[in-house]
Amino acid sequence: MLATRDGTRLSAVIIDDWSQGLEAAALIREIRERRPQLSVLVLTANGSAAQAVEAMRAGAHDFLIKPIAPEGLLAALNGVLKHPVAAGELRPLTEKIRAPLGFDEIVGSTPTFRAALAIAAKAARARVPILIEGESGVGKEVIAHAIHAASPRARMPLITVNCGAIPSNLVESDLFGHERGAFTGAFDRHIGKFTAANGGTIFLDEISELPFEAQVKLLRVLQDGEIQPVGARLASQVDVRVIAATNKRLIDEVEAGRFREDLYYRLNVVQLTIPPLRDRVGDIPALARHLLDRIAAQPGMRSLGLTNEAISLLMRHDWPGNVRQLHNTLFRAAVLCDGDALTAADFPQLSGQLLGEAQTRERKGTMTPIVRNAQENGIGVTLYEANGHLRSLSDIEADVIRLAIGHYRGRMTEVARRLGIGRSTLYRKLAELGIDTAA
């Protein structure tokens with residue numbers, strides 16, 4: 001078909017029921033040889049990392065695990081159609097095979113990021129709802145998992161719901177359940193996500209996409225701990241801790257009339273704002289090595305180093321997709337790498353277009369002192385204000401102490417020793433600067 005007139009109009013190919021074997025891999029390779037720009041997606045009921053790696057090496061661009069909502073399939077198709085292979089990284093499969101992290105495993109020493117983690121660690125021990133805001137890919141779900149793991153509910157389930165991926169007419173049924181015969185097609189009783197999460201935590205991702213009708217029911221859960229399945233006569237009690245996340249400013253959605261104000265304040269008992277990766281440039285070297293270690297633990301993968309040239313290249317990119325994009329970029333490079341370490345040559349898209357743009361910005365003098373300081377020194381302490389003036393010594397000192405506390409995982413004796421001061425002096429400075437040890 002690819003050789004026919006109709007075949008020239010194809011933009012993507014979906015291969016269903018992927019199974020390991022040379023025949024399937026050969027099919028993908030042949031498609032890629034005939035039409036290099038044609039996107040190939042693999043749809044399977046099995047989500048093993050070995051199959052994912054085999055599909056990627058054969059030339060697949062995405063790896064989708066069934067069951068998948070129609071909206072999810074369309075989103076994957078839109079992703080590969082809007083971003084052809086030659087234009088940059090696509091959304092691959094790494095996010096589907098990652099393991100949760102605890103607070104002690106999350107990498108990052110930038111003061112704003114450590115401050116957000118400190119708030120999250122404190123709030124984990126309470127029952128209060130938490131609202132996490134931040135751009136797509138900054139790690140909101142990772143932090144939600146860490147909160148659940150550090151909470152008294154860690155032994156109970158964490159149920160994740162993407163509010164933007166559920167059809168609007170099925171949201172209430174999916175969240176709260178339904179009785180048999182409640183509506184056309186309800187042939188059996190369905191247990192909702194809140195019931196499944198009873199005693200544990202529910203993570204409501206993209207909460208801003210929740211329809212107004214479901215917002216009313218969610219407010220009732222937060223106020224009274226009651227849910228009422230569709231078609232049920234009586235409500236039932238649930239004990240669920242709610243963590244919500246959004247890539248929008250939820251207060252802006254409230255002011256625009258798209259989100260209930262009373263629900264916003266119920267969810268916003270504790271708020272975290274996760275900074276984008278472009279504001280955490282100094283974290284990229286440690287973060288990249290950490291991600292490579294996790295990638296190496298996947299079946300079919302191996303440990304790889306990272307050259308200084310590659311690190312410099314990664315630090316010069318703006319990363320609009322944030323940590324998820326960095327992870328996916330490293331995964332793709334690791335799959336295709338033949339050497340023992342990733343070099344700048346293993347990132348052809350970044351080496352060409354992205355590095356060229358960064359060099360152009362630097363030649364024009366548009367790189368800010370903050371970014372230049374982070375790229376040249378690889379540290380997470382900002383020395384300059386946005387207007388170019390130096391920050392005050394007390395502010396810089398506070399950032400250095402926060403960075404040290406984060407780097408040495410809160411071991412205050414080690415922090416004091418590395419800073420060259422006594423423990424009593426360290427605690428006095430913490431009190432004077434208003435720094436919490438969890439930061």
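Here are some notes:
- Condition check for Ser351: modelled with pLDDT of 60 or more, assigned to a helix (DSSP H, G or I) and farther than 20 Å from Thr110 by Cβ: yes
- For the stretch 111-120, the set of residues classified as surrounded by fewer than 21 Cβ atoms within 10 Å (Cβ to Cβ) and under 20 Å from Arg266 (Cα atoms) consists of Ile119 only.
- So Val371, is it in the same structural domain as Met315 (by TED's automatic domain parsing), within 27 Å of Ala120 (Cβ to Cβ) and either modelled with pLDDT of 85 or more or not in a loop (DSSP other than H, G, I, E, B) (or both): yes
- Picking from residues in the stretch 57-85 that are modelled with pLDDT under 75 and assigned to a loop (DSSP other than H, G, I, E, B), the one that is farthest from Cys163 (Cα to Cα) is Pro84.
- Which listed residue is at pLDDT 95 or above, crowded, with 18+ Cβ neighbours inside 10 Å and among the hydrophobic types (A, V, I, L, M, F, W, C), from Ala244, Ala197: Ala244
- Condition check for Leu131 on (1) modelled with pLDDT of 95 or more; (2) over 17 Å from Ile207 (Cα atoms): one failure, at (2).
- Residues within the stretch 392-415 that are of a type outside the set (Ser, Thr, Tyr), at pLDDT below 75 and not in a helix (DSSP H, G or I), tallied: 2
- Selection from the stretch 152-194 of residues that are polar (S, T, N, Q) and under 29 Å from Ala123 (Cα atoms): Thr160, Asn162
- The residues of the stretch 86-110 that are assigned to a helix (DSSP H, G or I), at pLDDT below 70 and surrounded by 15 or more Cβ atoms within 10 Å (Cβ to Cβ) amount to a single one, Thr94.
- Residue list for the stretch 136-150, restricted to those being crowded, with 20+ Cβ neighbours inside 10 Å and either small (Gly, Ala, Ser) or assigned to a loop (DSSP other than H, G, I, E, B) (or both): Gly137, Val138, Gly139, Ala144, Ala146
- Complete set of residues in the stretch 254-284 that are within 30 Å of Asp318 (Cα to Cα), in contact with a strand residue (DSSP E or B) (Cβ under 8 Å, 6 or more places away or on another chain) and surrounded by fewer than 19 Cβ atoms within 10 Å (Cβ to Cβ): Asn268, Val270, Gln271, Thr273
- Tally, over the stretch 29-44, of residues that are within 12 Å of Ala58 (Cβ to Cβ) and basic (Lys, Arg): 2
- Restricting Ala146, Ala165 to those that are at pLDDT below 90, within 22 Å of the chain's Cα centre (by Cα), among the hydrophobic types (A, V, I, L, M, F, W, C) and not assigned by TED's automatic domain parsing to the domain that holds Ala404 reduces the list to Ala165.
The values are calculated or read from the model by the stated rules, or taken from the named source; none is laboratory data. Keep in mind it's a predicted model, so treat the numbers as computed, not measured. Cβ coordinates were reconstructed from backbone atoms using ideal geometry, including for glycine residues, and neighbour counts include every protein chain displayed.
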